[in-house]
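One structure below.
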Amino acid sequence: MSKQPSSMCPAFGAVRNLLRMEDAMPIVISSGDGCLYGHTFVAHFYVANRPIYSPGVSSEIWAKGSAFDELRSMVIRMAEEHQPSIIPICSLCVSDTVGLPFDLLPKQIGNTEVIYVPLPAYSVHTHARAKDIVVDSLVWRLPPQRKARAGVNLIGEIFPSDPIEIDEVLRKIGTHVNTHVPGPRWADYVAMVDGALNAPVHPFYSESVKRMKMKQGLPFIEGAPVGVDGTYTWITSVGRELNLDSATVETVARQEQAKVRAVLDQRSLDGLTFMVAGYEGHEFLLVRLLIEAGAKVPYLSTAVNTNPLAREEEAWLAERGCKVLYGANFGDEIAALTDRPYDCVIGTTPLCAHAKELGIPSIYYTNAMATRSMMLAKGAGDVIDLVRQTVGAKVRYDRIARFFAEDETRLERTYTSWAPKLDLTEHLIANQAL
Amino acid sequence: MPVRENIQEKELPSDVVNTPIRKQVTDLDHAGGDTGAMQVFASLSDANVVLDGPVGCHVMPAVAVINYTDSVPYLQNVTCSELSETEVTLAGTLGVLKEKVGEATVAGRQVFIVSTPVSELIGATWTTEHAHIPGSAVFFDSHSLDDDEWKSRDRALLFLWQNRDHFVRRADAPPRLPKLRPSVNIIGPTYGNFNSYSDLAEIKRLVAGIGADINLVYPFEAASGDTKHLADADASIVMYAEYGRSLAREVGLPTFFAPIGLEPTTQFLRGLGKALGLEAQADAFIRLEKKTTLAAWHDIWRSTHSDFFANAPVAVIAPPTYKDGLTYYMGEELGLPILYSAYRTGPESAPNEEVRKALADASPSPMVVFGSINERMIIAQEKMPSLFFQCSFPGAVVRRATGTPFVGYAGAVWLLQCICEALFDTLFANLPTSAAPPARATSTTRDTMLAAPESVSTSGKGQNSVINWTDEAKALNEKTLKRVPFFVRVSVAKKLRAEAEALARERGSDVDAGIIAELTARYSPRK
């Protein structure tokens, strides 16, 4: 069984965000038809109704070295014909291993920027890292600051209404949202250099923010306005970093914090145990909300790499009895499902499939969670409502599980009728330490 | 489409790479060799498959895509060597591969190692082929840099046969029953094959119907140890012409292809009956089918539904089996005009841009486009009035209920039913009147009469009940109507006229080209 938690091909994290840019025309240099088919299939399923362009590849093409010439003429043709704002060149495993001379591509054709985005998936490892690479590659192309800096750059995929809600709060303390990436337009990225502060709301945009600090001198803060503690801490961090009026900041932060607390008080998850596994980076924020709503989460399994931006998040979770497992062994996770009365699983497709087999209510992280807001009071309410709705369907999940287990000798696999000899959750946590 | 028996040399996939050298690919429509091979091996009940590649080469086909082609949460018997930069640039894949193969080697399971583009690129193929890997694992070079999924499936099936003596039947496998009746092999499907669950169920029904037994459904309902028993049958049925032919030829039994359409199915049953010495049973079954399964077909055929067929044009873009089968069934047997048809995958695959142009320029537009998500996008992007019916991957779909076959008599009925439903949908979408609630009366009849100017010439634009149409508007209207399937053209014409004149009245103008353009955007290609 795979040690790497099952996520998509890591590179897809980047391809996906680039395809969602309306004025970009990404070229995907695939490793082969199997690779390209996978990316095209899932992209057309849930990313965008638009063509995916690739240069043809084969062993003959690689051997002859004709790939680069074809790529160059393709780039020029596409730029002249369609004049998009940017043509990102997504270079996956094989083209990056072969080492095409991407430096020799024209940087600019008319108004079109041609930007190389290195995505050798065997080195990128995670979805999250690929998203970081996109922001980093795109922003690296920009000239340094052009005008007086103001406002906060939000970095990370969030619900469409989140930037508006956050902007409203920031205006109360004397600043605003400057731009939000990954966004649908090149202009969203261009605006970044004019912001005064970077706020990566998911803990994996470390390369992007570090390099922007280096090149553009733009500071950054950690965390996100999620949950009781998170909301307060985030608002005060913005205030401190931008030297805003501290009394006002304190008042607003307390107000927003109280709103979140009120929402969570009405939606208690007391006494419920959750298993959470994600690969998007949102999972840190989700677990925060679950815990603050009263739930027990023994561990958080994430396919995001260890990241300096996640350190505080990790410490906060640890204090509340939740261990962060980077790349937990999938087989162990499935085993852990059987020994504790988990009330709900929020995880990857395979993990949820096993949970459903056992009659445990579960939802696929990406489909259900990544499409919700989590920020501030409104987001907290949304997410916890969804979770409560899922847990409430226990009877239905049980009924189906029992029906399909009838002919099986493994009926006792459900925790409800099986006394554990070994606490597999403890075992998992102990053996998957950093 | 005649039923074909036995496999000719020229029908086998060629030894040369079968993916043409392409300069540019837009919206690729087929998977690569590693995926095809993985889908063959993973179909065997006792297989553990190790893909020699980075994690993406595993999760894309075996977790992400499989969930939307086969509605399987993920393939539990597939893993990969998880190559990282160390292996790619320095160490080679053998070390990690051995480790993974070791994990996958458990009693009663046969391990298959499959190469991927990355391992092939760094030359790991040769090393793996010649290395000593403990256990009984076998290595399959999937030619993934060059071959597509179809050729790879064909090669992988042949590979299984060539290695049949290597594979061991599990001790706990049910004993093979003594042969009481003539039996057949069903070769194919594998995972990742559009609609195969229903097609397989129908072929099994047909085989049982003529009184024959199923020897093996290979590889989908078999274990690797069963491979050598392919020879025990009296005939083979290849489910899809795209793959399995090489295996069928090597096994050497009379071979039949799953039929699409009425006549092909009848020929198939008679041919199979003859090969198995069950001619009388085959004839009796055909007679019984006419009174049961096909009674529905005959009823629909005799209804007014079929009156529309000659004016209900369709387009078919699919892999060879479905493209040829659907074109024959709909075009020759039902009499629907086939406006355009093309192979969606394989060496003769039509480039996406060619398909786009053919579909967008078709006049009239097809009533239904049978295709993949690529065609679905073309319909949306070119604003075609056509309905979409999926008959190919790529494109997320659930086809696990076994009542949607394309092959056999049941397939003929199911397809006919779908075509009729498409007719009804098209009619409904183009009904000329949809006044619910009806428009309000704004004045009495008498006042309406008095308010109306006397003639068009003195009317003030658009005030009269007779609205003037400019020449440009008429021309554009004509052009638009030509794109609409003939049998609803009257309805569409009425609807357009009513809408155009209502708009003209509202604006106090003639019906001009602007109004028509506005209303017909939904029927017109993007410009």
Scan the strands (runs of 3 or more DSSP E) fully inside segment A:293-396 and keep the ones with 2 or more residues being open to solvent by 10 Å² or more (accessible area, probe 1.4 Å) and within 14 Å of chain B (Cβ to nearest Cβ).
-> A:362-364
Hey, does segment A:375-392 have a residue that's at pLDDT below 85 and small (Gly, Ala, Ser)?
-> no
Could you list all residues from segment B:518-527 that are surrounded by fewer than 16 Cβ atoms within 10 Å (Cβ to Cβ) and modelled with pLDDT of 75 or more?
-> B:GLU518
Taking the condition under 29 Å from the mean Cα position of the chain (by Cα), within 22 Å of B:PRO394 (Cβ to Cβ) and without any contact (Cβ under 8 Å) to a residue 24 or more places away in the chain, does B:PRO61 pass?
-> no
Which ones in segment A:166-198 are open to solvent by 30 Å² or more (accessible area, probe 1.4 Å), within 23 Å of the chain's Cα centre (by Cα) and of a type in the set (Gly, Ala, Ser)?
-> A:ALA187
Scope segment B:160-213; condition over 21 Å from B:SER246 (Cβ atoms) and β-branched (Val, Ile, Thr); matching residues | B:VAL168, B:VAL207, B:ILE210
Would you mention how many residues in segment B:348-357 are open to solvent by less than 30 Å² (accessible area, probe 1.4 Å) and either away from chain A (no Cβ under 14 Å) or of a type in the set (Val, Ile, Thr) (or both)?
-> 2
Any hit, segment B:167-178, residues being within 28 Å of the chain's Cα centre (by Cα) and within 14 Å of chain A (Cβ to nearest Cβ) = no
Flag if A:SER59 is open to solvent by 10 Å² or more (accessible area, probe 1.4 Å), within 7 Å of another protein chain (Cβ to nearest Cβ), without any contact (Cβ under 8 Å) to a residue 60 or more places away in the chain and over 27 Å from B:GLU382 (Cα atoms) | yes
What are the residues in segment A:215-239 that are within 20 Å of the chain's Cα centre (by Cα) and assigned to a loop (DSSP other than H, G, I, E, B), if any?
-> A:ILE221, A:GLU222, A:GLY223, A:ALA224, A:PRO225, A:VAL226
Mind telling me which of the residues B:PHE220, B:PHE268 ends up being assigned to a helix (DSSP H, G or I) and within 25 Å of B:LEU415 (Cβ to Cβ)?
-> B:PHE268
Looking at (1) assigned to a helix (DSSP H, G or I); (2) open to solvent by 10 Å² or more (accessible area, probe 1.4 Å), which is the one condition that is false for A:ASN49?
-> (1)
Only one of (1) modelled with pLDDT under 95; (2) in a helix (DSSP H, G or I); (3) open to solvent by 60 Å² or more (accessible area, probe 1.4 Å) is not met by A:MET212, so which one is it?
-> (3)
Is it true that some residue in segment B:307-323 is within 14 Å of another protein chain (Cβ to nearest Cβ) and not charged (D, E, K, R)?
-> yes
Looking only at segment B:379-421, which residues are part of a helix (DSSP H, G or I) and either free of Cβ contacts under 8 Å to residues at least 24 places away in the same chain or open to solvent by 10 Å² or more (accessible area, probe 1.4 Å) (or both)?
-> B:ILE379, B:ALA380, B:GLN381, B:ALA410, B:VAL413, B:TRP414, B:GLN417, B:CYS418, B:GLU421
Within segment B:380-422, track down each residue that is hydroxyl-bearing (Ser, Thr, Tyr) and on the phi > 0 side of the Ramachandran plot.
-> none
Enumeration of residues in segment B:60-95 that are among the aromatic types (Phe, Trp, Tyr) and more than 7 Å from every other protein chain (Cβ to nearest Cβ) | none
For A:ARG171, work out the one condition from (1) closer than 21 Å to A:ILE235 by Cα; (2) in a helix (DSSP H, G or I); (3) touching a Ser or Thr at 6+ places or on another chain (Cβ under 9 Å) it doesn't fulfil.
-> (3)
Could you tell me which numbered condition B:ALA275 fails, if it satisfies all but one of (1) open to solvent by less than 10 Å² (accessible area, probe 1.4 Å); (2) closer than 26 Å to B:SER183 by Cα; (3) assigned to a helix (DSSP H, G or I)?
-> (1)
Limited to segment A:239-265, what total is found for residues that are out of contact with any helix residue (DSSP H, G or I) (no Cβ under 8 Å at 6 or more places or on another chain) and among the polar types (S, T, N, Q)?
-> 3
Would you be able to say whether some residue in segment B:174-196 is of a type outside the set (A, V, I, L, M), part of a helix (DSSP H, G or I) and touching a residue at least 24 places away in the same chain (Cβ under 8 Å)?
-> yes
Count of segment A:251-275 residues which are touching a Ser or Thr at 6+ places or on another chain (Cβ under 7 Å) and either without any contact (Cβ under 8 Å) to a residue 12 or more places away in the chain or not small (Gly, Ala, Ser) (or both) = 3
With A:HIS82, A:HIS39, A:HIS44 as the choices, which residue is facing chain B (nearest Cβ under 9 Å), out of contact with any Phe, Trp or Tyr (no Cβ under 9 Å at 6 or more places or on another chain) and of a type outside the set (A, V, I, L, M)?
-> A:HIS44
Any residue at all in segment A:220-231 that is more than 30 Å from A:TYR342 (Cα to Cα) and either open to solvent by less than 50 Å² (accessible area, probe 1.4 Å) or modelled with pLDDT of 95 or more (or both)?
-> yes
Mind checking which residues of segment A:90-119 are touching a residue at least 40 places away in the same chain (Cβ under 8 Å) and more than 17 Å from A:PRO182 (Cβ to Cβ)?
-> A:SER91, A:LEU92, A:CYS93, A:VAL94, A:SER95, A:LEU100
Is it the case that segment B:472-487 has a residue that's under 51 Å from the mean Cα position of the chain (by Cα), surrounded by 17 or more Cβ atoms within 10 Å (Cβ to Cβ), under 30 Å from B:ILE419 (Cα atoms) and modelled with pLDDT under 70?
-> no
Select from segment B:97-119 the residues that are within 14 Å of chain A (Cβ to nearest Cβ), outside any loop (DSSP other than H, G, I, E, B) and open to solvent by 30 Å² or more (accessible area, probe 1.4 Å) and write down the one among them that is farthest from B:ALA173 (Cα to Cα).
-> B:GLU99
Which one of A:SER246, A:SER237, A:SER206 is farther than 25 Å from A:LYS378 by Cβ and at pLDDT 95 or above?
-> A:SER246
Tally, over segment B:361-374, of residues that are surrounded by 16 or more Cβ atoms within 10 Å (Cβ to Cβ) and away from every other protein chain (no Cβ under 14 Å) = 8
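The values are calculated or read from the model by the stated rules, or taken from the named source; none is laboratory data. Computed from a predicted model, the values in this text were never measured in an experiment. Every residue, glycine among them, receives a Cβ derived from its backbone with ideal geometry; neighbour counts consider all protein chains shown. Side chains included, ligands, DNA and RNA excluded: accessible areas come from the protein's heavy atoms. Shrake-Rupley method; radii C 1.70, N 1.55, O 1.52, S 1.80 Å.
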